[in-house]
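What follows is a short report on a single structure.
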Amino acid sequence: MLTLPGLIDPHVHMREPGATHKEDWASGTAAALAGGFTLVLAMPNTHPPVVDARSLAAAQAAAMAGARCDFGLYLGGTVDNVKQAAGLAGRTAGLKLYLDQTYGPLRLDELTAIAAHLAHWPPARPIVAHAEGRSLAMVMALAHLHRRRLHVAHLSRADEIALVRLAKQRGWRVTCEVTPHHLFLCEEDLPALGPGRGEVRPRLASRADQQALWKNLEVIDCFASDHAPHTLAEKDGPTPPPGFPGLETALGLLLGAVHERRLTRTMLVERMASNPRRIFGLRAQPQTSLEVDERARWEVRAAEMHSRCAWSPFEGYPVRGRVTRVVLRGHEVVRDGEVRAAPGYGRNVFG
Ligand code: DOR
Ligand code: ZN
């Protein structure tokens, strides 16, 4: 048995309020615990989006009632919430800026507003940017000009990792995360996935991009699932929304990479626990750990998962390591692979 610290996923989408047919806090955090995550940070692109005191309070109430693991909530930056967002910072995991198109209404294009958020958001909490290609260069330069640290969400391409590597070499305060799906899938997998199921933002990239992520693992601070559940009916429908579920496959995929010696166990723990804890200023969760049967080999089966979305882009994929037991703040929340924590057990780490 391998014992690991409780894993932290700094990037998940829980869909509550507003789209609980895709996921809610109870189902999404059951998926988190089953996958070995004891703390998740949830994105603000819900319905309504989390952008002010009222929507933050509603999201907090839903999370407190439903969450089985600990959590934090991001606030989304908009053109007109700069001051209000800054005033709410202490109750959030950070500010999310959507600088490229994705699911939901939070895309921010106005340079003035982006710069204003970078100027006014309190430095104690991080700013996380969805920024691809040229947007990434833009927001990194702006953050540097404002002497502000920046965390880059789901970096996926060779040109982007080269930019972050150079910025780090120059001493810029930038950190980044990569998703398992960008590490383990590329555009060559799209024909097998099909057009709707293959939709994700950032898109699956080229094989060369994928290889660049593996070659630059030391530049990557965190692995984040970007768990973005949509139902199969939606993914296979006429306007498929982008997003893959990922909470229940992340650890197995990455332990498979450890087994293949593409990654060390220490690197995995840094990127799935210690680095997110440091970057997001998360207090230690006392008496929290997981036990993993490291030798277990299994194939991904969405039918066995807790996420309400009931599908996976990794269906049939061979992975390693079964989460058999999870202890969160002294309580056994997963036992013999079964999730036992009740909705409401999870705490808001910024509450
Ligand atoms: O594919 C994605 N889906 N990328 C994102 O950044 C958002 C997400 C979602 O919320 O569905
Ligand atoms: Zn996301």
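The values are calculated or read from the model by the stated rules, or taken from the named source; none is laboratory data. What you see is a predicted model; the values in this text were computed from it and never measured. Cβ atoms come from the backbone with ideal geometry, glycine included; neighbour counts cover every protein chain shown.
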> Residue check: is LEU33 outside any helix (DSSP H, G or I), crowded, with 20+ Cβ neighbours inside 10 Å and among the hydrophobic types (A, V, I, L, M, F, W, C)?
Replying inline: no
> For the subset of region 92-114 comprising residues that are away from ligand 1 (no atom under 16 Å from the Cβ) and crowded, with 17+ Cβ neighbours inside 10 Å, which member is nearest to GLY351 (Cα to Cα)?
Replying inline: THR92
>> If I go through region 1-22 residue by residue, how many of them are in a strand (DSSP E or B), touching a helix residue (DSSP H, G or I) at 6+ places or on another chain (Cβ under 8 Å) and either charged (D, E, K, R) or within 15 Å of ligand 1 (Cβ to nearest atom) (or both)?
In response: 3
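Listed here are the residues, each with its yes/no results for (1) at negative phi; (2) away from ligand 1 (no atom under 16 Å from the Cβ); (3) at pLDDT 95 or above; (4) in contact with a Ser or Thr (Cβ under 9 Å, 6 or more places away or on another chain).
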position: LEU183; (1), (2), (3), (4): yes, no, yes, no
position: ASP189; (1), (2), (3), (4): yes, no, yes, no
position: ALA192; (1), (2), (3), (4): yes, yes, yes, no
position: ARG201; (1), (2), (3), (4): yes, no, yes, yes
position: LEU204; (1), (2), (3), (4): yes, no, yes, yes
position: GLN210; (1), (2), (3), (4): yes, yes, yes, yes
position: ASP221; (1), (2), (3), (4): yes, yes, yes, yes
position: ALA224; (1), (2), (3), (4): yes, no, yes, yes
> Within region 23-45, can you find the residues that are closer than 16 Å to ALA58 by Cα and either more than 16 Å from ligand 1 (Cβ to nearest atom) or among the charged types (D, E, K, R) (or both)?
Replying inline: ASP24, ALA26
> Could you list, in sequence order, the residues of region 194-237 that are within 16 Å of ligand 2 (Cβ to nearest atom) and touching a helix residue (DSSP H, G or I) at 6+ places or on another chain (Cβ under 6 Å)?
Replying inline: LEU204, CYS222, PHE223, SER225
> Taking strands (runs of 3 or more DSSP E) that fall entirely within region 248-351, which contain at least 3 residues that are β-branched (Val, Ile, Thr) and surrounded by fewer than 18 Cβ atoms within 10 Å (Cβ to Cβ)?
Replying inline: none
